[in-house]
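Enquirer: Structure below; questions to follow.
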Amino acid sequence: MVARCTGLALLYILHTPRGEGEPGRYQSPEISEEALLAFLSRYSEFFSADSRHDLWIRSAATGCMVIWDRHNDIFLYGDMAKFEEQLITLGFKMGVVPQIGEHIHHYRAEFDGDAAAVLAALEWHWTPLRPEDQQFVP
């Protein structure tokens, strides 16, 4: 059985906008697991096919974090044994994932509408990018 999460919050780091909003860190208010899953489902194609952002999910109750970055890497912080158990329950296996092609970042015009909709979907609290967030440093 997969444990349910409470006290969830999102951090949407928009480091390479295409006109949908200001670059910055967009933090959501607390969001339910159901609302989070609906949000991720609604924008799943955009999140997985466009590199203008990083997405962090944090549980205030456990301190656990899941980070999905612009390189399509996923980082897990917190109770690693519980993460491993849940991933195995979902059908994942331990091992090395083979590289499937050249590493390329896409900023796709066809997702500009979804990018704007993400910023309108929640009552985000905006703060400027931190130096480590920036995609390109002038």
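The values are calculated or read from the model by the stated rules, or taken from the named source; none is laboratory data. Keep in mind it's a predicted model, so treat the numbers as computed, not measured. Reconstructed Cβ throughout: ideal geometry from the backbone, glycine too, with neighbour counts over all protein chains shown. We work out accessible area using only protein heavy atoms, side chains counted, and drop any ligands, DNA or RNA first. Shrake-Rupley method; radii C 1.70, N 1.55, O 1.52, S 1.80 Å.
Enquirer: Just to confirm, what accessible area per residue do you get for segment 9-138 at 1.4 Å probe, in whole Å²? Kindly include the intermediate steps, with their values, before the conclusion.
Expert: Numbers: 8300 Å² over 130 residues.
Per-residue value: 64 Å².
Enquirer: Show me, for segment 51-56, the HN-Hα J-couplings you get by feeding each phi into the Karplus relation (A = 6.51, B = -1.76, C = 1.60, θ = phi - 60°), rounded to Hz, glycine and proline as x.
Expert: Along segment 51-56, the couplings run 10, 7, 8, 10, 10, 10 Hz.
Enquirer: Given a Förster distance of 22 angstrom, what is the FRET efficiency for E30 paired with A117, based on the Cβ-Cβ distance and rounded to 0.05? Write down the numbers at each step before the final one.
Expert: Numbers: r = 21 Å, r/R0 = 0.95.
It comes out at approximately 0.60.
Enquirer: For the ranges 107-115, 94-102, what's the packing order if you count other beta-carbon atoms within 10 Å of each residue, average per peptide, and put the highest first?
Expert: Numbers: 107-115: 15.6, 94-102: 5.8.
Result, highest mean Cβ count within 10 Å first: 107-115, 94-102.
Enquirer: In whole Hz, with x marking every Gly and Pro, tabulate ³J(HN,Hα) for segment 31-39 from phi via Karplus 6.51 cos²θ - 1.76 cosθ + 1.60, θ = phi - 60°.
Expert: Listing the rounded values in order: 9, 6, 4, 4, 5, 4, 5, 5, 4 Hz.
Enquirer: Using the Karplus curve 6.51 cos²θ - 1.76 cosθ + 1.60 with θ = phi - 60°, work out ³J(HN,Hα) for each residue of segment 86-100 in order, rounded to whole Hz, and write x for Gly and Pro.
Expert: Calculated HN-Hα couplings, in order: 5, 5, 4, 4, 7, x, 6, 10, 5, x, 9, 7, x, 5, 9 Hz.
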